[in-house]
Amino acid sequence: MNQVYINQLSEHVGEEVTLKGWLYNLRSSGKLLFPQLRDGTGIVQCVVFKKAVSPEVWDALKGLGQESALTVSGTVRADERAPGGFEVDVTNAEVVAQAHDYPITPKEHGTEFLMDHRHLWLRSRRQHAILKVRHTVVRAVRDFLDTDGFTLLDAPIFTPAACEGTTTLFEVDYFDDAKAYLTQSGQLYNEATAAAFGKVYCFGPTFRAEKSKTRRHLTEFWMVEPEMAYATLDDVMSLAERFLSYIARRVMEERGEELKVLERDVSKLEAIVPPFPRLHYDDAVKMLHEAHERGEMETRFEWGGDFGAPDETYISSKFDKPVMVHHYPAAVKAFYMARDPERPELALGCDVLAPEGYGEVIGGGERATSLEFLQEQIKEHGLPEEAFDWYLDLRRYGSVPHAGFGMGIERCTAWMCGIEHVRETIPFPRMLYRLKP
RNA sequence: UGGCAGAUAGCUUAAUUGGUAGAGCGUCUGAUUGUUAAUCAGAAGCGUGUCGGUUCGAGUCCGACUCUGCCAGCCA
(Lines give C-alpha, C1' and ligand atoms only; values in the text may rest on other atoms or scores of the structure.)
Protein backbone atom coordinates (compact mmCIF):
# COMPACT_ATOMS: atom_id res chain seq x y z
CA MET A 1 0.00 0.00 0.00
CA ASN A 2 0.90 3.58 -0.71
CA GLN A 3 2.65 5.13 2.33
CA VAL A 4 2.27 8.88 2.43
CA TYR A 5 2.93 11.66 4.88
CA ILE A 6 0.16 13.76 6.33
CA ASN A 7 1.40 16.97 4.71
CA GLN A 8 0.97 15.28 1.29
CA LEU A 9 -2.64 14.22 1.75
CA SER A 10 -3.97 16.91 -0.59
CA GLU A 11 -2.22 15.09 -3.46
CA HIS A 12 -3.95 11.81 -2.64
CA VAL A 13 -7.65 12.64 -2.38
CA GLY A 14 -9.74 9.62 -3.27
CA GLU A 15 -6.77 7.28 -3.01
CA GLU A 16 -6.19 4.44 -0.60
CA VAL A 17 -3.13 5.33 1.51
CA THR A 18 -1.22 4.15 4.56
CA LEU A 19 -0.13 6.55 7.29
CA LYS A 20 2.43 5.71 9.93
CA GLY A 21 2.49 7.69 13.12
CA TRP A 22 1.32 8.17 16.67
CA LEU A 23 -2.06 8.73 18.24
CA TYR A 24 -2.44 12.41 19.07
CA ASN A 25 -5.91 12.15 20.53
CA LEU A 26 -8.89 9.84 20.38
CA ARG A 27 -12.58 10.66 20.56
CA SER A 28 -15.35 8.16 20.25
CA SER A 29 -19.00 8.30 19.49
CA GLY A 30 -20.50 4.85 19.76
CA LYS A 31 -20.01 3.11 16.46
CA LEU A 32 -17.59 5.81 15.38
CA LEU A 33 -13.98 6.56 16.41
CA PHE A 34 -12.05 9.72 15.65
CA PRO A 35 -8.36 8.98 16.13
CA GLN A 36 -6.11 11.95 15.40
CA LEU A 37 -2.86 10.73 13.93
CA ARG A 38 0.39 12.68 13.85
CA ASP A 39 3.42 11.61 11.85
CA GLY A 40 5.86 14.50 12.26
CA THR A 41 4.62 16.32 9.20
CA GLY A 42 1.18 17.12 10.50
CA ILE A 43 -1.93 15.89 12.26
CA VAL A 44 -4.93 14.36 10.53
CA GLN A 45 -8.24 13.19 11.85
CA CYS A 46 -9.17 9.67 10.87
CA VAL A 47 -12.69 8.29 10.93
CA VAL A 48 -13.34 4.68 11.87
CA PHE A 49 -16.83 3.25 11.31
CA LYS A 50 -17.30 0.11 13.33
CA LYS A 51 -18.65 -1.85 10.37
CA ALA A 52 -15.84 -0.67 8.08
CA VAL A 53 -13.11 -2.52 9.97
CA SER A 54 -12.65 -5.98 11.44
CA PRO A 55 -13.75 -6.53 15.06
CA GLU A 56 -10.08 -7.02 16.03
CA VAL A 57 -9.07 -3.66 14.59
CA TRP A 58 -12.06 -1.99 16.22
CA ASP A 59 -11.22 -3.38 19.64
CA ALA A 60 -7.54 -2.51 19.27
CA LEU A 61 -8.29 1.09 18.37
CA LYS A 62 -11.10 1.64 20.86
CA GLY A 63 -8.93 1.49 23.95
CA LEU A 64 -5.75 2.97 22.55
CA GLY A 65 -3.80 5.41 24.74
CA GLN A 66 -2.46 8.76 23.65
CA GLU A 67 0.87 8.51 21.76
CA SER A 68 0.46 4.84 20.91
CA ALA A 69 2.29 4.09 17.67
CA LEU A 70 0.09 2.87 14.84
CA THR A 71 -0.32 2.63 11.12
CA VAL A 72 -3.66 3.19 9.49
CA SER A 73 -4.89 2.55 5.97
CA GLY A 74 -7.85 4.19 4.39
CA THR A 75 -9.24 6.53 1.79
CA VAL A 76 -8.34 10.22 1.77
CA ARG A 77 -11.36 12.50 1.66
CA ALA A 78 -11.61 16.27 1.65
CA ASP A 79 -14.00 17.30 4.41
CA GLU A 80 -14.86 20.75 5.65
CA ARG A 81 -15.55 19.40 9.12
CA ALA A 82 -11.95 18.25 9.50
CA PRO A 83 -9.42 20.64 11.05
CA GLY A 84 -6.80 20.12 8.30
CA GLY A 85 -9.37 19.97 5.50
CA PHE A 86 -8.80 16.25 4.95
CA GLU A 87 -9.86 13.06 6.66
CA VAL A 88 -8.99 9.43 6.24
CA ASP A 89 -11.78 6.83 6.25
CA VAL A 90 -10.02 3.94 7.92
CA THR A 91 -10.33 0.44 6.49
CA ASN A 92 -7.47 -1.15 8.39
CA ALA A 93 -5.06 -0.31 11.18
CA GLU A 94 -2.19 -1.89 13.03
CA VAL A 95 -1.00 -1.01 16.51
CA VAL A 96 2.79 -0.91 16.46
CA ALA A 97 3.28 -0.08 20.14
CA GLN A 98 0.73 0.63 22.83
CA ALA A 99 1.22 3.59 25.11
CA HIS A 100 -0.44 4.04 28.49
CA ASP A 101 -0.69 7.08 30.71
CA TYR A 102 1.14 9.50 28.45
CA PRO A 103 2.11 12.29 30.85
CA ILE A 104 1.31 15.28 28.65
CA THR A 105 -2.46 15.36 28.39
CA PRO A 106 -4.43 17.76 26.19
CA LYS A 107 -4.94 20.01 29.21
CA GLU A 108 -2.77 22.73 30.68
CA HIS A 109 0.59 22.02 32.26
CA GLY A 110 3.15 24.08 34.12
CA THR A 111 6.54 25.08 32.77
CA GLU A 112 8.53 22.91 35.16
CA PHE A 113 6.57 19.79 34.28
CA LEU A 114 6.83 20.43 30.57
CA MET A 115 10.56 21.14 30.75
CA ASP A 116 11.08 17.92 32.72
CA HIS A 117 9.28 16.13 29.88
CA ARG A 118 10.94 18.06 27.09
CA HIS A 119 11.69 14.80 25.23
CA LEU A 120 7.93 14.23 24.96
CA TRP A 121 6.84 17.87 24.86
CA LEU A 122 8.50 18.12 21.44
CA ARG A 123 5.57 16.10 20.07
CA SER A 124 3.09 18.82 20.94
CA ARG A 125 1.67 20.93 18.16
CA ARG A 126 3.02 24.22 19.45
CA GLN A 127 6.56 22.96 20.10
CA HIS A 128 6.55 21.29 16.72
CA ALA A 129 5.60 24.59 15.10
CA ILE A 130 8.32 26.55 16.91
CA LEU A 131 11.04 24.10 15.95
CA LYS A 132 9.88 24.08 12.34
CA VAL A 133 10.29 27.86 12.36
CA ARG A 134 13.77 27.40 13.83
CA HIS A 135 14.60 25.02 11.01
CA THR A 136 13.53 27.63 8.47
CA VAL A 137 15.50 30.36 10.24
CA VAL A 138 18.61 28.19 10.05
CA ARG A 139 18.07 27.40 6.38
CA ALA A 140 17.42 31.04 5.58
CA VAL A 141 20.62 32.04 7.37
CA ARG A 142 22.66 29.56 5.35
CA ASP A 143 20.95 30.30 2.04
CA PHE A 144 21.34 34.03 2.45
CA LEU A 145 25.03 33.92 3.31
CA ASP A 146 25.88 31.20 0.79
CA THR A 147 24.27 33.04 -2.11
CA ASP A 148 25.77 36.32 -0.97
CA GLY A 149 29.30 34.99 -1.44
CA PHE A 150 30.12 33.98 2.11
CA THR A 151 32.13 30.82 2.82
CA LEU A 152 31.32 28.68 5.84
CA LEU A 153 34.43 28.22 7.97
CA ASP A 154 33.47 27.01 11.41
CA ALA A 155 35.41 28.14 14.44
CA PRO A 156 36.60 25.64 17.05
CA ILE A 157 34.47 24.81 20.06
CA PHE A 158 37.46 24.08 22.31
CA THR A 159 39.45 27.27 22.72
CA PRO A 160 42.63 27.94 24.66
CA ALA A 161 41.46 31.20 26.26
CA ALA A 162 38.75 33.77 26.42
CA CYS A 163 37.77 35.42 23.17
CA GLU A 164 36.55 38.51 24.88
CA GLY A 165 37.71 37.95 28.41
CA THR A 166 34.58 39.45 29.88
CA THR A 167 32.00 36.75 30.22
CA THR A 168 32.41 33.58 32.18
CA LEU A 169 33.61 30.50 30.35
CA PHE A 170 32.95 26.82 30.79
CA GLU A 171 36.23 25.12 31.62
CA VAL A 172 36.98 21.53 30.60
CA ASP A 173 39.97 19.22 31.08
CA TYR A 174 42.02 18.88 27.92
CA PHE A 175 44.53 16.02 28.32
CA ASP A 176 47.33 15.98 30.85
CA ASP A 177 47.00 19.11 32.92
CA ALA A 178 45.82 21.47 30.23
CA LYS A 179 42.56 23.37 30.39
CA ALA A 180 40.33 24.25 27.48
CA TYR A 181 37.31 26.49 27.35
CA LEU A 182 34.10 26.13 25.39
CA THR A 183 33.81 28.87 22.81
CA GLN A 184 31.84 31.98 23.61
CA SER A 185 32.29 33.39 20.10
CA GLY A 186 33.97 32.49 16.84
CA GLN A 187 34.77 36.15 16.32
CA LEU A 188 38.57 36.06 16.52
CA TYR A 189 38.83 33.00 14.31
CA ASN A 190 36.49 34.65 11.80
CA GLU A 191 38.95 37.49 11.48
CA ALA A 192 41.62 34.99 10.45
CA THR A 193 39.41 33.23 7.91
CA ALA A 194 38.11 36.54 6.54
CA ALA A 195 41.67 37.50 5.68
CA ALA A 196 41.95 34.19 3.82
CA PHE A 197 38.51 33.99 2.14
CA GLY A 198 37.10 37.53 2.15
CA LYS A 199 33.52 36.96 3.24
CA VAL A 200 33.10 34.19 5.80
CA TYR A 201 30.81 32.93 8.49
CA CYS A 202 30.80 30.43 11.27
CA PHE A 203 27.67 28.83 12.64
CA GLY A 204 27.64 26.63 15.68
CA PRO A 205 26.93 26.23 19.34
CA THR A 206 28.17 28.87 21.73
CA PHE A 207 28.58 28.57 25.49
CA ARG A 208 28.25 31.22 28.14
CA ALA A 209 28.63 30.38 31.81
CA GLU A 210 26.77 33.51 32.83
CA LYS A 211 24.32 32.88 35.60
CA SER A 212 21.53 34.48 33.66
CA LYS A 213 17.99 33.54 34.46
CA THR A 214 15.99 35.48 31.93
CA ARG A 215 13.72 34.65 29.04
CA ARG A 216 16.47 35.72 26.62
CA HIS A 217 19.34 33.54 27.86
CA LEU A 218 20.58 29.99 27.44
CA THR A 219 23.97 28.66 28.55
CA GLU A 220 24.27 26.83 25.22
CA PHE A 221 22.91 28.56 22.17
CA TRP A 222 23.53 28.71 18.44
CA MET A 223 25.11 31.73 16.91
CA VAL A 224 25.84 32.64 13.31
CA GLU A 225 28.68 35.08 12.80
CA PRO A 226 29.41 36.59 9.38
CA GLU A 227 32.63 38.57 8.90
CA MET A 228 33.76 40.59 5.89
CA ALA A 229 37.23 41.82 4.96
CA TYR A 230 37.42 45.37 3.59
CA ALA A 231 34.18 46.28 5.31
CA THR A 232 33.06 49.04 7.64
CA LEU A 233 30.37 49.65 10.24
CA ASP A 234 28.03 50.87 7.50
CA ASP A 235 28.56 47.69 5.49
CA VAL A 236 27.73 45.59 8.50
CA MET A 237 24.52 47.52 9.17
CA SER A 238 23.45 47.10 5.55
CA LEU A 239 24.19 43.40 5.77
CA ALA A 240 22.20 43.09 9.01
CA GLU A 241 19.08 44.65 7.56
CA ARG A 242 19.18 42.58 4.38
CA PHE A 243 19.88 39.48 6.45
CA LEU A 244 17.06 39.91 8.95
CA SER A 245 14.48 40.91 6.36
CA TYR A 246 15.39 37.86 4.27
CA ILE A 247 14.94 35.56 7.26
CA ALA A 248 11.56 37.10 8.09
CA ARG A 249 10.39 36.71 4.50
CA ARG A 250 11.42 33.08 4.34
CA VAL A 251 9.62 32.35 7.62
CA MET A 252 6.45 33.94 6.27
CA GLU A 253 6.71 32.09 2.96
CA GLU A 254 7.46 28.66 4.36
CA ARG A 255 5.91 28.53 7.81
CA GLY A 256 2.46 30.04 7.40
CA GLU A 257 0.75 27.07 9.03
CA GLU A 258 3.12 27.12 11.98
CA LEU A 259 2.69 30.87 12.48
CA LYS A 260 -1.06 30.23 12.61
CA VAL A 261 -0.62 27.56 15.28
CA LEU A 262 1.49 30.06 17.23
CA GLU A 263 -1.11 32.80 16.65
CA ARG A 264 1.69 35.06 15.46
CA ASP A 265 0.67 38.55 14.36
CA VAL A 266 2.18 38.29 10.87
CA SER A 267 1.95 42.03 10.29
CA LYS A 268 4.87 42.34 12.73
CA LEU A 269 6.96 40.19 10.42
CA GLU A 270 5.77 41.94 7.27
CA ALA A 271 7.18 45.17 8.71
CA ILE A 272 10.71 43.77 8.76
CA VAL A 273 11.92 45.34 5.49
CA PRO A 274 14.88 47.63 4.78
CA PRO A 275 15.80 50.26 5.61
CA PHE A 276 15.93 49.87 9.38
CA PRO A 277 16.21 53.02 11.45
CA ARG A 278 19.79 53.79 12.51
CA LEU A 279 20.16 55.47 15.84
CA HIS A 280 23.37 57.00 17.16
CA TYR A 281 24.03 56.09 20.78
CA ASP A 282 23.87 59.80 21.69
CA ASP A 283 20.41 60.05 20.17
CA ALA A 284 19.27 56.88 21.88
CA VAL A 285 20.39 58.37 25.20
CA LYS A 286 18.52 61.56 24.31
CA MET A 287 15.36 59.48 23.76
CA LEU A 288 15.77 57.88 27.16
CA HIS A 289 16.30 61.27 28.81
CA GLU A 290 13.15 62.66 27.23
CA ALA A 291 11.27 59.56 28.30
CA HIS A 292 12.49 60.11 31.85
CA GLU A 293 11.39 63.76 31.80
CA ARG A 294 7.93 62.68 30.66
CA GLY A 295 7.90 60.13 33.49
CA GLU A 296 7.88 57.17 31.11
CA MET A 297 11.16 55.82 32.52
CA GLU A 298 11.78 55.60 36.23
CA THR A 299 15.48 56.33 36.38
CA ARG A 300 17.52 58.76 34.31
CA PHE A 301 19.94 56.93 32.02
CA GLU A 302 23.60 57.93 32.45
CA TRP A 303 25.53 58.56 29.24
CA GLY A 304 28.34 56.03 28.96
CA GLY A 305 26.55 52.94 30.17
CA ASP A 306 25.17 50.01 28.26
CA PHE A 307 21.41 49.81 27.88
CA GLY A 308 19.51 47.59 30.25
CA ALA A 309 16.58 45.46 29.17
CA PRO A 310 13.97 48.15 30.03
CA ASP A 311 16.00 50.75 28.06
CA GLU A 312 16.17 48.47 25.02
CA THR A 313 12.47 47.76 25.26
CA TYR A 314 11.67 51.46 25.42
CA ILE A 315 13.87 52.35 22.45
CA SER A 316 12.55 49.54 20.29
CA SER A 317 8.94 50.33 21.23
CA LYS A 318 9.29 53.62 19.35
CA PHE A 319 9.79 51.79 16.06
CA ASP A 320 7.88 49.05 14.23
CA LYS A 321 11.10 47.69 12.74
CA PRO A 322 14.37 46.54 14.24
CA VAL A 323 16.50 49.52 15.35
CA MET A 324 20.23 49.63 14.76
CA VAL A 325 21.94 51.50 17.58
CA HIS A 326 25.54 52.38 16.71
CA HIS A 327 28.57 54.25 18.11
CA TYR A 328 28.41 52.89 21.65
CA PRO A 329 30.92 54.09 24.23
CA ALA A 330 34.02 51.95 23.77
CA ALA A 331 34.15 51.27 27.49
CA VAL A 332 31.10 48.96 27.31
CA LYS A 333 32.23 47.09 24.20
CA ALA A 334 34.79 44.38 23.45
CA PHE A 335 38.50 45.19 23.21
CA TYR A 336 38.74 44.48 19.48
CA MET A 337 36.20 47.13 18.45
CA ALA A 338 37.45 49.89 16.16
CA ARG A 339 37.16 53.48 17.43
CA ASP A 340 35.47 56.43 15.82
CA PRO A 341 38.42 58.55 14.58
CA GLU A 342 36.46 61.76 15.34
CA ARG A 343 35.50 60.64 18.84
CA PRO A 344 37.86 57.92 20.09
CA GLU A 345 35.71 57.34 23.16
CA LEU A 346 33.11 55.76 20.85
CA ALA A 347 33.33 52.29 19.30
CA LEU A 348 32.22 51.50 15.76
CA GLY A 349 29.84 48.92 17.14
CA CYS A 350 26.20 48.29 16.41
CA ASP A 351 23.44 46.38 18.17
CA VAL A 352 20.22 45.48 16.40
CA LEU A 353 17.30 45.70 18.80
CA ALA A 354 14.32 43.67 17.69
CA PRO A 355 10.82 45.13 18.15
CA GLU A 356 8.26 43.90 20.69
CA GLY A 357 10.83 43.76 23.48
CA TYR A 358 12.88 40.91 22.00
CA GLY A 359 16.03 42.87 22.70
CA GLU A 360 19.42 42.47 21.13
CA VAL A 361 19.28 39.91 18.32
CA ILE A 362 22.48 41.07 16.64
CA GLY A 363 25.65 42.57 18.03
CA GLY A 364 28.61 43.52 15.89
CA GLY A 365 30.69 46.22 14.31
CA GLU A 366 33.98 47.17 12.77
CA ARG A 367 37.20 45.68 14.19
CA ALA A 368 40.33 47.57 15.14
CA THR A 369 43.15 47.28 12.59
CA SER A 370 46.13 48.74 14.44
CA LEU A 371 48.60 46.35 16.05
CA GLU A 372 49.68 48.87 18.69
CA PHE A 373 46.12 49.76 19.60
CA LEU A 374 45.17 46.12 20.10
CA GLN A 375 48.28 45.42 22.16
CA GLU A 376 47.28 48.31 24.43
CA GLN A 377 43.70 47.10 24.65
CA ILE A 378 44.75 43.58 25.56
CA LYS A 379 46.91 44.99 28.35
CA GLU A 380 44.19 47.32 29.58
CA HIS A 381 41.60 44.56 29.69
CA GLY A 382 44.05 42.40 31.65
CA LEU A 383 44.01 39.64 29.01
CA PRO A 384 46.89 37.14 28.69
CA GLU A 385 49.02 38.47 25.83
CA GLU A 386 50.46 35.10 24.82
CA ALA A 387 46.96 33.81 24.05
CA PHE A 388 46.52 36.50 21.42
CA ASP A 389 49.82 36.28 19.55
CA TRP A 390 48.22 34.53 16.59
CA TYR A 391 45.41 37.07 16.57
CA LEU A 392 47.87 39.96 16.50
CA ASP A 393 49.58 38.34 13.50
CA LEU A 394 46.44 39.28 11.56
CA ARG A 395 47.44 42.92 12.15
CA ARG A 396 51.07 42.29 11.27
CA TYR A 397 50.36 40.75 7.89
CA GLY A 398 48.05 42.82 5.76
CA SER A 399 45.66 44.34 8.27
CA VAL A 400 42.55 45.82 6.61
CA PRO A 401 39.28 47.27 7.88
CA HIS A 402 36.87 44.42 8.48
CA ALA A 403 33.55 44.02 10.18
CA GLY A 404 30.95 41.47 11.16
CA PHE A 405 28.28 40.53 13.64
CA GLY A 406 26.81 37.68 15.61
CA MET A 407 23.16 36.68 15.65
CA GLY A 408 21.58 34.38 18.23
CA ILE A 409 19.42 31.80 16.47
CA GLU A 410 17.17 31.26 19.46
CA ARG A 411 16.49 34.96 20.02
CA CYS A 412 15.75 35.37 16.35
CA THR A 413 13.45 32.34 16.36
CA ALA A 414 11.62 33.50 19.49
CA TRP A 415 11.06 36.85 17.79
CA MET A 416 9.78 35.26 14.56
CA CYS A 417 7.43 33.04 16.55
CA GLY A 418 6.31 35.78 18.90
CA ILE A 419 6.90 33.59 21.95
CA GLU A 420 7.91 34.57 25.47
CA HIS A 421 10.98 32.50 26.16
CA VAL A 422 13.98 31.27 24.14
CA ARG A 423 13.91 27.91 25.95
CA GLU A 424 11.19 26.69 23.57
CA THR A 425 13.21 27.53 20.44
CA ILE A 426 15.89 24.84 20.87
CA PRO A 427 15.09 21.12 21.15
CA PHE A 428 16.90 20.60 24.46
CA PRO A 429 17.64 23.89 26.19
CA ARG A 430 20.60 24.17 28.53
CA MET A 431 20.00 26.72 31.24
CA LEU A 432 21.16 27.65 34.67
CA TYR A 433 19.90 24.77 36.84
CA ARG A 434 18.59 22.74 33.91
CA LEU A 435 20.74 20.08 32.31
CA LYS A 436 18.08 17.38 31.87
CA PRO A 437 16.76 15.86 29.68
C1' U B 1 24.53 36.39 41.92
C1' G B 2 20.48 39.70 43.92
C1' G B 3 15.03 40.87 44.49
C1' C B 4 10.07 38.87 44.44
C1' A B 5 6.72 34.76 44.20
C1' G B 6 5.79 29.71 44.74
C1' A B 7 5.94 24.02 46.03
C1' U B 8 -1.26 20.29 47.94
C1' A B 9 -3.39 13.39 43.76
C1' G B 10 0.05 11.51 37.40
C1' C B 11 -1.37 16.89 35.71
C1' U B 12 -4.03 21.82 36.73
C1' U B 13 -5.66 23.55 41.18
C1' A B 14 -9.35 24.79 45.83
C1' A B 15 -9.25 24.79 51.11
C1' U B 16 -12.58 31.04 55.33
C1' U B 17 -9.86 32.84 61.70
C1' G B 18 -5.03 27.23 62.90
C1' G B 19 -10.22 22.66 63.48
C1' U B 20 -12.87 16.04 58.99
C1' A B 21 -7.74 18.07 52.61
C1' G B 22 -12.18 18.99 47.83
C1' A B 23 -12.69 19.39 42.55
C1' G B 24 -11.55 19.24 37.21
C1' C B 25 -8.52 16.62 33.79
C1' G B 26 -6.07 11.93 33.03
C1' U B 27 -6.99 6.44 34.23
C1' C B 28 -10.85 2.26 34.47
C1' U B 29 -16.24 0.62 33.26
C1' G B 30 -20.61 1.81 30.49
C1' A B 31 -23.70 4.94 26.81
C1' U B 32 -23.61 7.67 22.30
C1' U B 33 -23.05 7.00 13.86
C1' G B 34 -19.72 13.57 13.21
C1' U B 35 -16.53 14.31 17.63
C1' U B 36 -13.15 19.14 17.51
C1' A B 37 -9.28 20.15 24.79
C1' A B 38 -16.25 15.78 22.61
C1' U B 39 -20.24 14.88 25.98
C1' C B 40 -23.05 12.02 29.65
C1' A B 41 -23.33 8.20 33.80
C1' G B 42 -20.52 5.40 37.26
C1' A B 43 -15.85 3.72 39.69
C1' A B 44 -11.05 3.24 41.47
C1' G B 45 -6.98 5.70 43.18
C1' C B 46 -3.96 9.04 45.39
C1' G B 47 -1.69 14.16 48.00
C1' U B 48 0.18 18.92 51.73
C1' G B 49 8.82 19.36 48.84
C1' U B 50 12.65 18.03 53.17
C1' C B 51 14.10 18.77 58.33
C1' G B 52 12.96 21.08 62.80
C1' G B 53 9.87 24.39 66.00
C1' U B 54 5.09 26.70 68.18
C1' U B 55 0.19 24.46 69.40
C1' C B 56 -4.72 20.25 72.36
C1' G B 57 -4.60 20.45 66.98
C1' A B 58 -0.54 22.90 61.21
C1' G B 59 -1.77 22.62 54.00
C1' U B 60 -2.34 27.23 56.95
C1' C B 61 2.13 30.25 61.89
C1' C B 62 7.93 30.43 62.65
C1' G B 63 13.14 28.88 61.14
C1' A B 64 16.56 26.28 57.99
C1' C B 65 17.27 23.57 53.55
C1' U B 66 16.05 21.80 48.53
C1' C B 67 13.75 22.78 44.05
C1' U B 68 10.98 25.90 40.53
C1' G B 69 9.09 30.36 38.20
C1' C B 70 9.37 35.66 37.21
C1' C B 71 12.34 40.14 37.15
C1' A B 72 17.35 42.33 37.15
C1' G B 73 22.73 42.32 35.96
C1' C B 74 25.75 40.10 31.96
C1' C B 75 25.06 39.10 26.81
C1' A B 76 23.24 36.85 21.31
Kirkwood hydrodynamic radius (Cα pairs, Å) of the range A:2-97?
12.8 Å
Once the in-chain neighbours fewer than 8 apart are removed, the lysines whose Cα is under 17 Å from A:K132 read A:K260
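Kindly provide the trypsin sites (Lys or Arg not before Pro) of the range A:152-251 that DSSP labels as loop, not H, G, I, E or B, and whose Cβ sees at most 13 other Cβ atoms within 10 Å. Walk me through the numbers before you get to the answer.
Numbers: sites: A:K179, A:K199, A:R208, A:K211, A:K213, A:R215, A:R216, A:R242, A:R249, A:R250; in loops: A:R208, A:K211, A:K213, A:R215, A:R216.
Answer by residue number: A:K211, A:K213.
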Farthest towards the positive end of the dipole of the range A:172-255, among A:P205, A:H217, A:A195 and with Cβ unit charges of +1 on Lys and Arg and -1 on Asp and Glu, lies the Cα of A:H217
Accessible area of chain A belonging to carbon and sulfur atoms, whole % at 1.4 Å probe
51 percent
Could you tell me which of rounded, prolate or oblate describes the range A:59-128, using a ≥ b ≥ c as the square roots of the eigenvalues of the alpha-carbon gyration tensor, with rounded for a/c under 1.5 and, failing that, prolate when a/b is larger than b/c and oblate otherwise?
oblate
Chain A - mean residue ellipticity at 222 nm from DSSP helices (-39,500 (n - 2.57) per run, n ≥ 4, rounded to 500):
-9000 deg cm²/dmol
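Under the 0.36 nm per residue contour assumption, what length would be gained going from the current alpha-carbon distance of A:N7 and A:D393 to full extension?
So the extension gain works out to 133.6 nm.
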Amide H of A:L169: which non-local residues (sequence gap of 5 or more, or other chain) have their own amide H closer than 5 Å, using H built in the peptide plane?
A:A209
Roll a 1.4 Å probe over the protein chains and send me the accessible area per residue for the range A:328-400 in Å².
42 Å²
Would you mind checking the pairs A:K199/A:K321; A:K213/A:K268; A:K333/A:K379; A:K31/A:K107 and listing those with alpha carbons more than 22 angstrom apart?
A:K199/A:K321; A:K213/A:K268; A:K31/A:K107
Where labels lie 7 Å past Cα in the beta-carbon direction, separation of A:D283 and A:L371 in nm
3.9 nm
Where in the range A:257-297 is the amide nitrogen less than 18 Å from a point lying 7 Å along the Cα-to-Cβ axis of A:T232?
A:278-281
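Can you compute the charge dipole magnitude of the range A:2-97 about its Cα centre, using +1 on each Lys and Arg Cβ and -1 on each Asp and Glu Cβ, nothing else charged? Give it in debye, rounded to the nearest 20.
Numbers: 9 positive and 12 negative charges, 71 e Å.
Charge dipole, the range A:2-97, about its Cα centre: 340 debye, nearest 20.
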Just want the answer: with Cβ charges of +1 for Lys and Arg and -1 for Asp and Glu, which residue in A:A229, A:Y246, A:G256 is farthest toward the dipole's positive end in the range A:217-294?
A:G256
Formal net charge of residues neighbouring A:R411 (Cβ-Cβ distance under 11 Å; K, R +1; D, E -1)
0
Show me the GluC sites (Glu not before Pro) within the range A:316-409 that DSSP assigns to loop and that have at most 11 other Cβ atoms within 10 Å of their Cβ.
A:E342, A:E345
Max mean-square fluctuation residue, GNM over chain A, Cα-Cα springs under 10 Å, options A:E298, A:E253, A:E87:
A:E298
Note down the net charge around A:K179, summing +1 for each Lys or Arg and -1 for each Asp or Glu among other residues with Cβ under 9 Å from its Cβ.
-3
Using only Cα atoms, what Kirkwood radius does chain A have, in angstroms?
24.6 Å
Once a ≥ b ≥ c are taken as the square roots of the eigenvalues of the Cα gyration tensor of the range A:219-263, is the result rounded (a/c under 1.5), prolate (a/b larger than b/c) or oblate (a/b not larger than b/c)?
oblate
Rounded accessible area per residue of the range A:2-97, 1.4 Å, Å²:
49 Å²
Once the in-chain neighbours fewer than 8 apart are removed, the aspartates and glutamates whose Cα is under 16 Å from A:K51 read A:D59, A:D89
If I build a Gaussian network model for chain A, linking alpha-carbon pairs within less than 10 angstrom, which residue out of A:L279, A:L346, A:L64 has the largest mean-square fluctuation?
A:L64
Cα→Cβ-extended label distance, 7 Å offset, between A:F158 and A:D101, nm:
4.4 nm
Using the reciprocal of the averaged 1/r over all distinct C-alpha pairs, how large is the Kirkwood radius of the range A:314-385 in Å?
13.3 Å
With r as the distance between the Cβ atoms of A:E342 and A:L120 and R0 = 56 Å, compute the FRET efficiency 1/(1 + (r/R0)^6) and round to 0.05.
0.45
Would you mind calculating the relative contact order of chain A from Cα pairs under 8 angstrom and at least 6 residues apart, reporting the percent as a whole number?
14 percent
Taking the Cβ of A:S28 as the center, what net charge do the other residues with Cβ under 14 Å away carry, scoring Lys and Arg +1 and Asp and Glu -1?
+3
With springs only between Cα atoms under 10 Å apart, run a GNM on chain A and tell me which of A:H326, A:H381, A:H128 wobbles the most.
A:H381
Under a point-charge model restricted to the Cβ atoms of Lys and Arg (+1) and Asp and Glu (-1), what is the dipole moment magnitude of the range A:119-425 relative to its Cα centre, in debye to the nearest 20?
1180 debye
Projected onto the charge dipole of the range A:2-97 (+1 at Lys/Arg Cβ, -1 at Asp/Glu Cβ, origin at the Cα centre), which of A:T41, A:G65, A:T75 gives the Cα projection farthest towards the positive end?
A:G65
Using a/c under 1.5 as the rounded threshold, could you call the range A:105-256 rounded, prolate or oblate? The axes a ≥ b ≥ c are square roots of the C-alpha gyration tensor eigenvalues, and prolate needs a/b larger than b/c, oblate otherwise.
oblate
Return the lysines within reach of A:K211: Cα separation strictly under 19 angstrom, same-chain partners fewer than 8 residues apart disregarded; answer none if there are no such residues.
A:K436
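The values are calculated or read from the model by the stated rules, or taken from the named source; none is laboratory data. Since the model is a prediction, treat every value here as computed from it, not as a measurement. Backbone-built Cβ (ideal geometry, glycine too); neighbour counts: all protein chains shown. Keep in mind that these areas ignore ligands, DNA and RNA; they rest on the heavy atoms of the full protein, side chains included. Shrake-Rupley method; radii C 1.70, N 1.55, O 1.52, S 1.80 Å.
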